[in-house]
Amino acid sequence: MIMENVELMEFCTVNNDPLSVSVWKGFWKFIPRSEKEWKILNWSSGLIGILVQQKYEIGGLEAYLPQNLFCSAYANLEIGITQWMYDLVWLLDTGNLVVIDGDKDIYSFNNNTSDDDNSDYLWQSFDYPSDTFLAGMKLGWNFETGSQRYLTSWKTDDDPSTGDYIYWLSPRGLPQLFVSMKTTTTTKMVIKYRSGPWNGVHFGGTPKAPVFPLFKSFLVSNKDELYYTFKANVKSAVTRVKVNPTGLSDRLVLYNRSTQWSVLYTVPYEPCDNYGFCGANGICRMNRDPLCECLEGFVPRSEEEWKMLNWSSGCVRKMEFDCRVDSGDGFVKLVGIKFPDFLEFWSNKSMSLAECKQTCLSNCSCTTYTNLDIGRGSGCMIWFGNLVDVRELRIKVGDKKTKEGKVSEEGIYLRLPASVLGN
């Protein structure tokens with residue numbers, strides 16, 4: 001359906017300097033009209049509205065203020081159009097702004113094109129997300145083209161130019177979402193938040209969907225692409241994710257007959273959500289005082305710093321592994337936690353969990369192992385070196401049934417020397 005629940009908007013503002021024109025680079029919102037929910041087409045272009053140009057580009061907007069102030073900008077988005085005057089712009093009910101071939105039957109397109117069918121689009125705004133993630137959008141990677149879709153925060157609540165934070169899907173190890181921050185001293189991004197790996201239903205470190213879910217999450221992974229998306233489960237509400245200028249990521253919901261967006265949850269929400277809060281080999285527990293502890297078999301690297309509630313230096317092993325054959329090294333299972341980040345790891349899709357254990361024991365650098373496919377309980381994932389960004393979850397991840405009908409819990413197996421296990 002086209003343009004039932006969304007409204008196209010045009011807006012320009014003038015800064016205090018009368019010679020300076022500030023262009024709002026986005027322009028549609030979900031009803032109700034009291035809420036301005038802007039969708040950015042292209043951060044660097046200054047695009048407000050789009051018009052297909054004769055030079056085979058999308059760009060060249062026209063937006064007028066009552067004072068007849070003219071605002072314009074251009075985008076370098078080539079789409080290969082032969083007869084530009086016949087190509088049409090449609091705003092779909094999903095919030096997706098699309099360009100379609102004007103030679104096609106418009107009435108047929110309106111009635112028959114589903115939200116999932118983009119084969120007739122010459123261009124679509126969902127390929128160029130801004131700070132907002134809507135149902136049907138994709139966050140992730142196209143391996144054929146090398147392109148990546150991610151969210152970018154606004155600079156401020158009133159300035160839609162590029163902000164300091166991005167919300168993105170990492171293909172490294174098991175797929176997981178990150179909020180990362182730009183820095184002025186280096187080109188490297190600083191991680192602020194990590195969702196934990198995808199477990200077949202949701203990302204393991206994020207709040208679980210409510211009992212009556214408003215949406216359903218999907219992760220698609222194949223040789224051509226890797227992406228995360230979601231679909232609405234009800235027609236009585238609209239939900240979206242927004243990364244704001246301070247780096248917080250909000251899941252928002254707008255119920256029918258409501259005029260205000262409500263916050264379903266926010267991440268990071270509490271200290272344990274902050275990336276690496278307890279340092280290497282530490283674990284964060286919100287129900288403990290102090291919040292940070294060392295994992296079993298580890299002690300604080302600096303006792304003095306930990307006494308001052310400075311946990312950034314993390315923890316080190318009490319005793320190193322005895323890497324001889326039959327040394328007696330073993331494992332303890334940690335459940336109800338967010339899995340460590342994948343900094344140094346190795347994986348195998350076909351191994352059993354027993355084979356994974358033996359592989360870990362045969363490598364003196366292996367510190368932890370678990371199933372590669374968390375949801376199905378198959379394959380092998382091995383961590384080497386330090387374990388970073390581990391936290392206890394407020395809601396236990398367990399209560400999943402195995403094929404035999406037994407209750408199983410997602411967890412990792414932490415390697416410990418025989419002397420520590422004996423104690």
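Could you tell me which residue of region 405-423 is modelled with the lowest pLDDT, considering only residues that are closer than 28 Å to Lys318 by Cα and assigned to a strand (DSSP E or B)?
Top of the filtered list is Gly411.
Counting only residues that are more than 16 Å from Cys366 (Cβ to Cβ), at pLDDT 95 or above and assigned to a loop (DSSP other than H, G, I, E, B), how many does region 313-340 have?
Of the residues in that region, 2 qualify.
Quick check on my filter: what residues within region 229-242 are among the small types (Gly, Ala, Ser) and in a strand (DSSP E or B)?
Ala232, Ala237
Per-residue answers, yes or no, for (1) surrounded by fewer than 20 Cβ atoms within 10 Å (Cβ to Cβ); (2) at pLDDT 95 or above; (3) among the acidic types (Asp, Glu):
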{"residue": "Tyr228", "(1), (2), (3)": "no, yes, no"}
{"residue": "Val238", "(1), (2), (3)": "no, no, no"}
{"residue": "Lys242", "(1), (2), (3)": "no, yes, no"}
{"residue": "Tyr255", "(1), (2), (3)": "yes, no, no"}
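Where residues in region 257-272 are open to solvent by 60 Å² or more (accessible area, probe 1.4 Å), of a type outside the set (Val, Ile, Thr) and more than 17 Å from the chain's Cα centre (by Cα), which of them is farthest from Lys338 (Cα to Cα)?
Arg257
Please specify each residue of region 341-367 satisfying the condition of being part of a helix (DSSP H, G or I) and either aliphatic (A, V, I, L, M) or surrounded by fewer than 19 Cβ atoms within 10 Å (Cβ to Cβ) (or both). Explain how you work it out, then say what you get.
Of all residues in region 341-367, those part of a helix (DSSP H, G or I) come to 353-361.
Result: Leu353, Ala354, Glu355, Gln358, Thr359, Leu361.
Yes or no: region 165-186 includes at least one residue that is modelled with pLDDT under 90, part of a strand (DSSP E or B) and open to solvent by less than 60 Å² (accessible area, probe 1.4 Å). If you could, list the steps in order and put the result at the bottom.
At the first step, the residues of region 165-186 found to be modelled with pLDDT under 90 are 182-186.
From the residues that got through so far, the ones that are part of a strand (DSSP E or B) too are none.
Within region 165-186, not a single residue is modelled with pLDDT under 90, part of a strand (DSSP E or B) and open to solvent by less than 60 Å² (accessible area, probe 1.4 Å).
Can you give me the ranges of the strands (runs of 3 or more DSSP E) entirely in region 243-296 with at least 3 residues that are under 25 Å from Val420 (Cβ atoms)?
282-284, 292-294
The values are calculated or read from the model by the stated rules, or taken from the named source; none is laboratory data. Here the structure is a predicted model, which is why all the values come from computation and not from measurement. Cβ coordinates were reconstructed from backbone atoms using ideal geometry, including for glycine residues, and neighbour counts include every protein chain displayed. Heads up: the accessible areas ignore ligands, DNA and RNA and are worked out on the full protein's heavy atoms, side chains in. Shrake-Rupley method; radii C 1.70, N 1.55, O 1.52, S 1.80 Å.
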